[in-house]
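Chemist: First, the structure itself, so that you have it in front of you.
The values are calculated or read from the model by the stated rules, or taken from the named source; none is laboratory data. If you're wondering where the values come from, they're calculated on a predicted model, not measured in any experiment. Here the Cβ positions follow ideal geometry from the backbone for every residue, glycine too, while neighbour counts run over all protein chains shown.
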């Protein structure tokens with residue numbers, strides 16, 4: 001890095017209080033990079049009742065309507081290239097970045113990444129993409145393999161394989177797994193004290209589905225598995241984490257929720273399931289009141305932060321063999337990996353774990369060690385910092 005303070009301009013469609021995997025990733029990573037002496041700026045979407053300029057744990061956040069993904073995806077969207085060019089230029093003039101770092105800007109629209117490429121070239125600075133996902137559409141191929149990214153950070157080896165398979169130079173892809181705050185997600189000494197806050201869980205044997213409530217995240221599979229577990233485990237109770245304030249999901253939410261509501265009714269599980277929205281602090285508490293976590297994604301999950309959260313809280317987790325999840329959960333060691341959409345296999349593993357306290361505790365201890373060794377926020381930030389150094393050195397040489 002140069003002697004002057006390095007400045008990074010990040011761009012993503014959402015940032016807290018918007019909820020999602022990328023948003024959580026940014027909220028963890030950027031404050032850690034600030035500790036390394038790097039200025040962090042974010043350009044993101046405007047939100048009702050949220051200031052267009054704010055400081056988030058040292059991160060300068062700028063909000064603009066041109067980053068509103070829901071508006072962009074509407075039929076007949078009125079966002080123009082000229083509007084994007086104007087807002088991006090204002091942002092970059094203010095930041096004077098050494099690197100432009102985009103997140104998940106390799107699909108949805110060609111306007112935004114094309115303007116990024118223009119700005120990076122005009123300012124003679126490198127352009128980095130963190131790919132948190134992949135997409136089966138021609139626009140993904142155009143904006144990944146054919147696009148002038150100087151480097152791509154992939155959040156899992158699965159994502160790297162998919163991107164290199166689509167034609168991007170694998171030598172210019174670095175895998176940086178997510179990391180979390182292991183103090184925020186940690187086993188508490190006396191979880192019984194939490195029942196005053198969650199009286200509905202007292203006396204229950206809790207299965208926790210901590211990911212977004214949707215069919216893609218396997219919420220329906222968790223419901224079906226619970227109907228089987230109920231036959232073997234008394235007082236079993238499934239908690240589905242809520243899904244408020246998430247971008248790019250509005251069109252699916254109503255249909256998914258209607259389907260799951262009907263499924264719960266048909267299976268007679270109204271007294272065995274609780275659905276609500278939870279803050280990050282509440283999520284950490286709910287893990288502590290849980291015996292087993294399930295994340296039966298039916299899509300090719302790029303990573304899944306909830307796997308780290310569960311392990312950090314010393315809870316066993318059952319996932320599917322989808323995308324990057326088997327990179328984190330090793331079957332029979334710190335959890336179980338089952339086939340996609342196999343609710344019977346999930347139910348079988350849940351029953352095994354609920355009937356064997358020693359097994360649950362062993363998986364929990366191994367999981368916590370796994371996170372502390374490989375997936376802390378400090379490890380993640382150091383890996384991204386090294387990518388910045390590598391890219392800057394190569395760009396100036």
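Chemist: Please indicate, with yes or no, whether at least one residue in the range 289-306 is outside the structural domain of residue 22 (by TED's automatic domain parsing) and farther than 18 Å from residue 329 by Cβ.
Modeler: Taking every residue of the range 289-306 in turn, at least one turns out to be outside the structural domain of residue 22 (by TED's automatic domain parsing) and farther than 18 Å from residue 329 by Cβ.
Chemist: Now for a separate question. So, in the range 193-204, exactly how many residues are surrounded by 11 or more Cβ atoms within 10 Å (Cβ to Cβ) and either touching a strand residue (DSSP E or B) at 6+ places or on another chain (Cβ under 8 Å) or free of Cβ contacts under 8 Å to residues at least 60 places away in the same chain (or both)?
Modeler: Matching residues across the range 193-204 total 5.
The rows are residues; the columns are (1) crowded, with 18+ Cβ neighbours inside 10 Å; (2) out of contact with any helix residue (DSSP H, G or I) (no Cβ under 8 Å at 6 or more places or on another chain).
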{"residue": "341", "(1), (2)": "no, no"}
{"residue": "349", "(1), (2)": "yes, yes"}
{"residue": "356", "(1), (2)": "no, yes"}
{"residue": "359", "(1), (2)": "no, no"}
{"residue": "363", "(1), (2)": "yes, no"}
{"residue": "371", "(1), (2)": "yes, no"}
{"residue": "377", "(1), (2)": "yes, no"}
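Chemist: Hey, another quick one. At positive phi and in contact (Cβ under 8 Å) with a residue 60 or more places away in the chain: which single residue out of 341, 360, 368 fits that description? Break it down into steps so the answer makes sense when it comes.
Modeler: Values: 360 fails: at positive phi; 368 fails: at positive phi.
Of 341, 360, 368, the one residue that is at positive phi and in contact (Cβ under 8 Å) with a residue 60 or more places away in the chain is 341.
Chemist: Can you find, within the range 11-24, the residue that is farthest from the chain's Cα centre (by Cα) among those that are outside any loop (DSSP other than H, G, I, E, B) and under 22 Å from residue 88 (Cβ atoms)? Walk me through it before giving the result.
Modeler: Pass one, the range 11-24, residues outside any loop (DSSP other than H, G, I, E, B): 11, 21-24.
Then keep just the ones that are under 22 Å from residue 88 (Cβ atoms); that gives 11, 22-23.
Numbers: 11: 16, 22: 5, 23: 7 Å.
Only one residue tops the list, namely 11.
Chemist: Which of (1) modelled with pLDDT of 95 or more; (2) assigned to a loop (DSSP other than H, G, I, E, B); (3) buried (at least 17 other Cβ atoms within 10 Å of the Cβ) is the odd one out, the single condition residue 228 does not satisfy?
Modeler: Failed condition: (2).
Chemist: Another question about this same structure. Would you pick out the residues in the range 173-188 that are surrounded by 15 or more Cβ atoms within 10 Å (Cβ to Cβ) and without any contact (Cβ under 8 Å) to a residue 40 or more places away in the chain?
Modeler: Within the range 173-188, 173, 175 meet the criteria.
Chemist: Right, here's the next one. So which helices (runs of 4 or more DSSP H) are wholly in the range 294-397 and hold at least 2 residues that are within 16 Å of the chain's Cα centre (by Cα)?
Modeler: Details: elements: 305-312, 343-354, 357-374, 377-396.
Those helices (runs of 4 or more DSSP H) span 305-312, 377-396.
Chemist: If only one of 275, 246 is assigned to a strand (DSSP E or B), in the same structural domain as residue 360 (by TED's automatic domain parsing), at pLDDT below 95 and out of contact with any helix residue (DSSP H, G or I) (no Cβ under 7 Å at 6 or more places or on another chain), which one is it? It would help to see each step written out before you state the result.
Modeler: Values: 246 fails: assigned to a strand (DSSP E or B).
Sole residue among the options that is assigned to a strand (DSSP E or B), in the same structural domain as residue 360 (by TED's automatic domain parsing), at pLDDT below 95 and out of contact with any helix residue (DSSP H, G or I) (no Cβ under 7 Å at 6 or more places or on another chain): 275.
Chemist: Name the residues in the range 191-219 that are farther than 25 Å from residue 297 by Cβ and either outside the structural domain of residue 275 (by TED's automatic domain parsing) or in a helix (DSSP H, G or I) (or both), would you? Outline the logic, then answer.
Modeler: Pass one, the range 191-219, residues farther than 25 Å from residue 297 by Cβ: 191-200, 202-203.
Result: 191, 192, 193, 194, 195, 196, 199, 200.
Chemist: Residue 43 - would you say it is closer than 27 Å to residue 159 by Cβ, part of a helix (DSSP H, G or I) and in the same structural domain as residue 139 (by TED's automatic domain parsing)? Spell out the reasoning first.
Modeler: On the way: closer than 27 Å to residue 159 by Cβ: yes; part of a helix (DSSP H, G or I): no; in the same structural domain as residue 139 (by TED's automatic domain parsing): yes.
So residue 43 fails the test.
Chemist: Now a separate question. Please enumerate the residues belonging to the range 119-157 that are within 20 Å of residue 24 (Cβ to Cβ) and in contact with a helix residue (DSSP H, G or I) (Cβ under 7 Å, 6 or more places away or on another chain).
Modeler: Within the range 119-157, 128, 131, 132, 134, 153, 154, 156 qualify.
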